[in-house]
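Undergrad: First, the structure itself, so that you have it in front of you.
The values are calculated or read from the model by the stated rules, or taken from the named source; none is laboratory data. On a predicted model such as this, the values are computed, not experimentally measured, just so you know. A quick note on method: Cβ atoms are made from the backbone with ideal geometry, for glycine too, and the neighbour counts reach across all protein chains shown.
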C-alpha cells in the first residue's frame, strides 16, 4: 500500500506500554482465535470468557510492556485518517455531517469508558455506546500467523470494517438489528447479525474504492499496489464463520453463524470495492437470506 505521507488522524488514542488500569493477560496472544470463536461463533458470554483471561495487577503476564511498534501505530493513524476523509466527503454529498469514531489502540487489555474491559483476544470491535473502535495491533500479527490473512491492506480492511459498523450506527442499521434481540428467535437474530456484518464488509470495500481513487487523483498513483486486494481477500476468507468453526475443530453449524461465510464476506467486500456505491444499503435487509 502507498500509505506513507497520508494525513494521520488525531482521533487515535494509543494506550500502549500498559494495560490501561491494572489489568493483565493470562496466557499468550496466541489464544485470541479461540476467544473469538467462543464469543462470536459459539456465543459464550463475553464476561465469562474475559474472566478467564484477565487478572488484576501488572501490565502483561511477564510484567513487561510489549515494545511499541511505531510504524504500525503510524499506519493505523493514516488508515483512520483515510476513512475520515472518505466518509466525510460521502456524508457531505448527502448534506450530512460525519462525526468520526474514536480509535483506541491498546496493549493487552484496557478499561472502556462505559465500563468493562476490552481485551486483545476479543479482536478489534466497535462499541456503539462510545462510538469507539478498540484495537490491539497485535491482532494484525495474529491474523498473519494463525489465520493466513496478513498484509497491510488486510489490516486496513479490518479497520475499515469496524468503521463500517460506525457508519451503520450513524445510519440506524445497528439499532434496527439490535432492537430485534429477544423479539425473534435466536436463529433469526443470528441471520440479522450476518446481514449487519456483511454490510460492514461491503462498507469496507466502499472505503477502499474511494480511498484508492482519491490518492490517484492527488498523486497519480492509487493507494493499492499489486497483491493488496489478494491480501484483503485472504483475510475476508479466513474470518468467515465456517472457516473459524473448522479451525476450532468442530462441525460447521450454519444456524450459529453471526458474521457470514468466507465466501459471503469475500463477495460483499469485493462488491463494495468495485462499486463504491452506498445508495442501496437497505438491500442487505431486503433480499432473501439465502441470496446473500
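Undergrad: Output the number of the condition that residue 272 fails; it satisfies all remaining conditions of (1) crowded, with 16+ Cβ neighbours inside 10 Å; (2) more than 21 Å from residue 89 (Cβ to Cβ); (3) at pLDDT 95 or above.
TA: (2)
Undergrad: Also, I was wondering about something else. For segment 204-223, which positions are in a helix (DSSP H, G or I) and touching a helix residue (DSSP H, G or I) at 6+ places or on another chain (Cβ under 6 Å)? Break it down stepwise before answering.
TA: As a first pass, look at segment 204-223 and keep what is in a helix (DSSP H, G or I): 204-219.
Correct list: 204, 205, 206, 207, 208, 209, 210, 211.
Undergrad: For the list (1) assigned to a loop (DSSP other than H, G, I, E, B); (2) at pLDDT 90 or above; (3) under 23 Å from residue 168 (Cα atoms), I need the number of the one condition that residue 259 fails.
TA: Tallying (1) assigned to a loop (DSSP other than H, G, I, E, B); (2) at pLDDT 90 or above; (3) under 23 Å from residue 168 (Cα atoms), residue 259 fails exactly one: (2).
Undergrad: Same structure again: Kindly indicate whether residue 208 is more than 11 Å from the chain's Cα centre (by Cα), surrounded by 24 or more Cβ atoms within 10 Å (Cβ to Cβ), within 21 Å of residue 100 (Cα to Cα) and in contact (Cβ under 8 Å) with a residue 24 or more places away in the chain. Step through it out loud before you land on a result.
TA: Values: more than 11 Å from the chain's Cα centre (by Cα): yes; surrounded by 24 or more Cβ atoms within 10 Å (Cβ to Cβ): yes; within 21 Å of residue 100 (Cα to Cα): yes; in contact (Cβ under 8 Å) with a residue 24 or more places away in the chain: yes.
Judged against the criteria, residue 208 is a match.
Undergrad: Right, something else. Considering only segment 224-256, how many residues are over 17 Å from residue 194 (Cα atoms), assigned to a loop (DSSP other than H, G, I, E, B) and at pLDDT below 60?
TA: Residues that pass the stated criteria total 4.
Undergrad: Do the conditions hold for residue 114, that is, is it over 13 Å from the mean Cα position of the chain (by Cα) and farther than 17 Å from residue 72 by Cα?
TA: Against the criterion (over 13 Å from the mean Cα position of the chain (by Cα) and farther than 17 Å from residue 72 by Cα), residue 114 qualifies.
Undergrad: Could you figure out which of (1) free of Cβ contacts under 8 Å to residues at least 40 places away in the same chain; (2) surrounded by 17 or more Cβ atoms within 10 Å (Cβ to Cβ) isn't true of residue 188?
TA: Result: residue 188 passes all but (2).
Undergrad: Does residue 130 satisfy the condition of being at pLDDT 95 or above and farther than 22 Å from residue 208 by Cα?
TA: Values: at pLDDT 95 or above: yes; farther than 22 Å from residue 208 by Cα: yes.
Taking the combined requirement at face value, the residue satisfies it.
Undergrad: Within segment 88-97, is even one residue touching a residue at least 60 places away in the same chain (Cβ under 8 Å) and closer than 30 Å to residue 279 by Cα? Even if it seems obvious, please write down each step before you answer.
TA: Going through segment 88-97, the residues touching a residue at least 60 places away in the same chain (Cβ under 8 Å) turn out to be 89-90.
If we keep only those that are closer than 30 Å to residue 279 by Cα as well, we get 89-90.
Taking every residue of segment 88-97 in turn, at least one turns out to be touching a residue at least 60 places away in the same chain (Cβ under 8 Å) and closer than 30 Å to residue 279 by Cα.
Undergrad: Then there's this: Among the residues of segment 275-292, how many are within 20 Å of residue 93 (Cβ to Cβ) and in contact (Cβ under 8 Å) with a residue 12 or more places away in the chain?
TA: The total comes to 5.
Undergrad: Related question: I'm checking my understanding of the structure. Among residues of segment 98-107 that are surrounded by fewer than 22 Cβ atoms within 10 Å (Cβ to Cβ) and either under 15 Å from residue 160 (Cβ atoms) or free of Cβ contacts under 8 Å to residues at least 24 places away in the same chain (or both), which one is farthest from the chain's Cα centre (by Cα)?
TA: Residue satisfying both the conditions and the ranking: 98.
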